[in-house]
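The values are calculated or read from the model by the stated rules, or taken from the named source; none is laboratory data. In this text the structure is predicted, and so the values were computed from the model without any measurement. For neighbour counting, all protein chains shown are included, and Cβ atoms are generated from backbone atoms with ideal geometry for every residue, glycine included. The accessibility values were calculated without ligands, DNA or RNA, using every heavy atom of the protein model including side chains. Shrake-Rupley method; radii C 1.70, N 1.55, O 1.52, S 1.80 Å.
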Amino acid sequence: MIKRIILFILFISIFSTSISFAKTFYTITIDGAITHFTYRYIEKSIKIAEENKGILLIKLDTPGGLLDATRDIVQLILESESPIVTYVYPQGARAGSAGTFIVLASHVAAMAEGTNIGAAHPVNLTGKDIEGDMKEKIIQDTLAFISAIAEKRGRNEEIAKKMVAESLSLKSSEALKKGIVDYVTNNIGDLAKFVNKKYNYGKEYELKPIKTTSLEKIAFFLSDPNIIVLLLLAGILAIFLEIKMPGTFIFAALGITCIILFLIGISIIPINYLALLLILAGIALVIAEVFVPSFGLLTLSAIIALASGL
């Protein structure tokens, strides 16, 4: 009788192993600046992974982005019920600045060969160092932020802090050796097996991309601050040309289109309303120059207002 029970238990164990279900890896690609739209896209993807009891695999290649959006993304990852795997990919990619925080916050951090991570020192939107009393506040706050993330995930806090304080950047092999990432591979299949082994899911896995909609692609494009600035300048120039050469309506249509796209863009990324007022003042001064002879003073004022606002 005892032998039969033992054989039955062995049979059930073998049978259950043989029918183990594949774990689904929902994959997304982030290959640009980190903005608040990136946050919304990752939020949607995490919900899909959680609802289907799967894993979210983020393929990341970013030069950096907005610190506020990065904080929101880190909160999403830390609170996620599904494991988040961030993979700096493909070869030659980077997890610069804001990307560093996202990689460190993930349940599993991986890099392809020939990639790098780090250089997370905070700067302003123009890429220049922050000046004045605010500089030390922001740096200390960011140091505490990255240290807390590293501590939470059991990664190297000292190296993480150097990425902020000293703009330290590491190639993939160095990041693995110094305890910043968990795995280095050029093959997504190998990474999936590593994750499955880490969480004891078994050997089977399925990759399922979460495709971006056409509207999401447009939003990603417009959320780039460089594109927003170009749209504004193109809109101002087109309207100015329409005023100088009225009657064609071609420049007017082009200018209005650019301004509308600019307004859509600034609803995606955070905007300093004082800067927006300066930009609008600059536009008004450009238009006023056409009707009021000021010997260039209005144009000079418009340039100063626009430059300051941008």
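Among the residues of segment 107-123, at least one is open to solvent by 50 Å² or more (accessible area, probe 1.4 Å) and among the β-branched types (Val, Ile, Thr). Filtering segment 115-139 to residues that are small (Gly, Ala, Ser) and over 25 Å from residue 158 (Cβ atoms) leaves 127, 132.
Being among the hydroxyl-bearing types (Ser, Thr, Tyr) and open to solvent by 50 Å² or more (accessible area, probe 1.4 Å) is the filter here, so list the residues in segment 124-157 that pass it. Hit for segment 124-157 is 126, nothing else.
Among the candidates 236, 303, the residue that is open to solvent by 90 Å² or more (accessible area, probe 1.4 Å), at pLDDT 80 or above and farther than 30 Å from residue 110 by Cβ is uniquely 303.
Quick check on segment 79-98: of everything there that is among the polar types (S, T, N, Q) and under 14 Å from residue 58 (Cα atoms), which residue is surrounded by the most Cβ atoms within 10 Å (Cβ to Cβ)? Before the answer, list the steps.
Keep residues of segment 79-98 that are among the polar types (S, T, N, Q), which gives 80, 82, 86, 91, 97.
Narrowing the set further to residues that are under 14 Å from residue 58 (Cα atoms) leaves 80, 82, 86.
Numbers: 80: 20, 82: 19, 86: 25.
The selected residue is 86.
Looking at segment 282-300 only, could you name the residues that are in a helix (DSSP H, G or I) and either open to solvent by less than 50 Å² (accessible area, probe 1.4 Å) or touching a residue at least 40 places away in the same chain (Cβ under 8 Å) (or both)? Before you say what the answer is, go through the steps one by one.
Kept after step one, since they are in a helix (DSSP H, G or I), are these residues of segment 282-300: 282-291, 297-300.
Hits for segment 282-300 are 282, 283, 285, 286, 287, 288, 289, 290, 298.
How about segment 90-126: which of its residues are polar (S, T, N, Q), assigned to a loop (DSSP other than H, G, I, E, B), under 15 Å from residue 66 (Cα atoms) and in contact with a Gly (Cβ under 7 Å, 6 or more places away or on another chain)? Walk me through it before giving the result.
Within segment 90-126, the first condition is being polar (S, T, N, Q), and the residues that meet it are 91, 97, 100, 106, 115-116, 124, 126.
Filter once more, keeping what is assigned to a loop (DSSP other than H, G, I, E, B): 91, 97, 106, 115, 124, 126.
Those left that are additionally under 15 Å from residue 66 (Cα atoms): 97, 124, 126.
Correct list: 97 only.
If I go through segment 251-281 residue by residue, how many of them are open to solvent by 80 Å² or more (accessible area, probe 1.4 Å) and farther than 22 Å from residue 65 by Cα?
Restricting attention to segment 251-281, the residues satisfying the condition of being open to solvent by 80 Å² or more (accessible area, probe 1.4 Å) are 254, 256, 260, 263, 267, 272-274, 277, 280.
When the remaining residues are screened for being farther than 22 Å from residue 65 by Cα, the result is 254, 256, 260, 277, 280.
Qualifying residue count for the region: 5.
Being assigned to a loop (DSSP other than H, G, I, E, B) and either open to solvent by less than 40 Å² (accessible area, probe 1.4 Å) or more than 20 Å from residue 110 (Cα to Cα) (or both) is the filter here; which residues of segment 42-78 pass it? Please lay out each step first, then the result.
First, pick out the residues of segment 42-78 that are assigned to a loop (DSSP other than H, G, I, E, B): 52-54, 61, 63-64, 66.
Residues satisfying the conditions are 52, 53, 54, 64, 66.
Of all the residues in segment 104-145, those that are within 23 Å of residue 193 (Cα to Cα), out of contact with any Leu (no Cβ under 7 Å at 6 or more places or on another chain) and of a type in the set (A, V, I, L, M) number 5.
Looking only at segment 158-192, residues that are among the acidic types (Asp, Glu) and open to solvent by less than 60 Å² (accessible area, probe 1.4 Å) come to 1 in all. Only a single criterion out of (1) open to solvent by 40 Å² or more (accessible area, probe 1.4 Å); (2) among the hydrophobic types (A, V, I, L, M, F, W, C); (3) touching a strand residue (DSSP E or B) at 6+ places or on another chain (Cβ under 9 Å) is not satisfied by residue 221, namely (3). If you check every pair at least six apart or on different chains, which have Cβ atoms under 7 Å apart with a residue in segment 61-90 that is hydrophobic (A, V, I, L, M, F, W, C) first and a residue that is assigned to a loop (DSSP other than H, G, I, E, B) and crowded, with 22+ Cβ neighbours inside 10 Å second? Close Cβ pairs (under 7 Å, with a partner that is assigned to a loop (DSSP other than H, G, I, E, B) and crowded, with 22+ Cβ neighbours inside 10 Å) amount to 66/35; 69/35; 77/106; 84/106; 85/106; 88/115. Under 31 Å from the mean Cα position of the chain (by Cα) and modelled with pLDDT of 80 or more, is that true of residue 227? When the stated conditions are applied, residue 227 passes them.
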